[in-house]
């Protein structure tokens, strides 16, 4: 059932799928956080990064992350601000809190690194953040496989930024004095620590258990940047498992790669409107 089928019919079918589901997996990409209000090129970005925009001609936060800064003082000043902006500034956004209210027992698999599901209150054991988390430092070399919380460092150095730089003595290091990097998957030095592997196993176990019942896959805002992590595996599950329904919420890329999926529907409408209507259906059904 594609996005061209009437909205009312798709909402009705979605309500049925939610009521019938034994297991729900939420898959989320960058489009969900954009829909929630964290815009990498919007007014908040232009306000908070005005000095960087003026000096480096940045146009958005994503491309700014690849800028070849000439010094570590410049590099870490930018990343302190970047981490704060994406990870600590807003707390849980309302859209993520609504997802928790609607799907409190869902397992979450996400390529997002902003920890919005964690901040909204989803149980940590039910979140697999495959690509890392802005809130952690790791050894730049990739070994040992340990992570360090960076919130104290971010809050300490933000007031020290001057001229898009921080003092040399404020550059972060691992506890042993070695160089740090963000725990984001950019190359083969990405640290998959013991918690990452534990959550990967929990996700695999959840999928295995869900094979025995009616599985609902809710995919939010995932395009073709890293489709092999969630988007295509979800389609493969919907193709192979007879009682699995895939629902895709995507403004720009709603159509499946695998054709003729037996239980598929897509939405390009505003996610806030959709969640309002899901909530109304639940209330009408007395759930």
Contour minus Cα-Cα distance for residue 47 and residue 5 (0.36 nm per residue):
11.0 nm
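Given a Förster distance of 30 Å, report the FRET efficiency between residue 270 and residue 19 from their Cβ-Cβ distance, rounded to the nearest 0.05.
Values: r = 23 Å, r/R0 = 0.76.
With a Förster radius of 30 Å, E is 0.85.
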Using alpha-carbon positions, the gyration tensor of the chain gives root eigenvalues a ≥ b ≥ c; with a/c under 1.5 called rounded, otherwise prolate if a/b exceeds b/c, else oblate, the class is prolate
Ratio of alpha-carbon Rg to the 2.2 N^0.38 Å globular estimate for the stretch 1-150, to two decimals, please.
1.26
Candidates 197, 47, 23: whichever shows maximal mean-square fluctuation once the chain is modelled as a Gaussian network with Cα springs under 10 Å:
47
Evaluate the distance, in nm, between pseudo-label points positioned 7 Å from the Cα of residue 170 and of residue 156 along their respective Cα→Cβ axes.
1.1 nm
To the nearest 10 degrees, the tilt of helix 7-20 (Cα long axis) against the first principal axis of the alpha carbons of the chain is 90 degrees
Compute the long axis of helix 194-210 from its Cα atoms, compare it with the longest principal axis of the Cα atoms of the chain, and write down the angle in degrees, 0 to 90, nearest 10.
10 degrees
With springs connecting C-alpha atoms under 10 Å apart, model the chain as a Gaussian network and identify which of 169, 73, 155 has the largest mean-square fluctuation.
169
For the stretch 105-221, alpha-carbon Rg and Dmax in angstrom
17.2, 58
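Rounded to the nearest 5, what % of the DSSP beta bridges within the chain are antiparallel ones?
Working: 8 of 31 bridges.
Of those bridges, close to 25 percent are antiparallel.
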Computed over the chain: longest principal axis from alpha-carbon atoms vs helix 231-240 long axis, angle to nearest 10 degrees, is 20 degrees
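So between residue 189 and residue 258, what do we pick up on full extension, going 0.36 nm a residue minus the alpha carbon distance?
In short, 21.6 nm is gained.
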When the chain is treated as a Gaussian network with springs between alpha carbons less than 10 Å apart, the largest mean-square fluctuation among 159, 256, 123 is found at 159
Residue 67-residue 12 FRET efficiency (beta carbon distance; Förster radius 45 Å; 0.05 resolution)
0.40
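May I ask you to derive the FRET efficiency for residue 198 and residue 141 from their Cβ-Cβ distance with R0 = 22 Å, giving the value to the nearest 0.05?
Details: r = 23 Å, r/R0 = 1.04.
E between residue 198 and residue 141, to the nearest 0.05, is 0.45.
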Contour minus Cα-Cα distance for residue 89 and residue 209 (0.36 nm per residue):
39.5 nm
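Please state the shape class of the stretch 142-287: rounded when a/c is under 1.5, otherwise prolate if a/b exceeds b/c and oblate if not, all from the C-alpha gyration tensor.
Taking the square roots of the gyration eigenvalues as a ≥ b ≥ c, the stretch 142-287 is prolate.
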What value, in deg cm²/dmol to 500, does the helix sum -39500 (n - 2.57) over DSSP H runs of n ≥ 4 give at 222 nm once divided by the residues of the chain?
-11500 deg cm²/dmol
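Rule-based calculations on the coordinates, nothing more; no lab input. Here the structure is a predicted model, which is why all the values come from computation and not from measurement. So basically every Cβ, Gly included, is an ideal-geometry build from the backbone, and we count neighbours across all protein chains shown.
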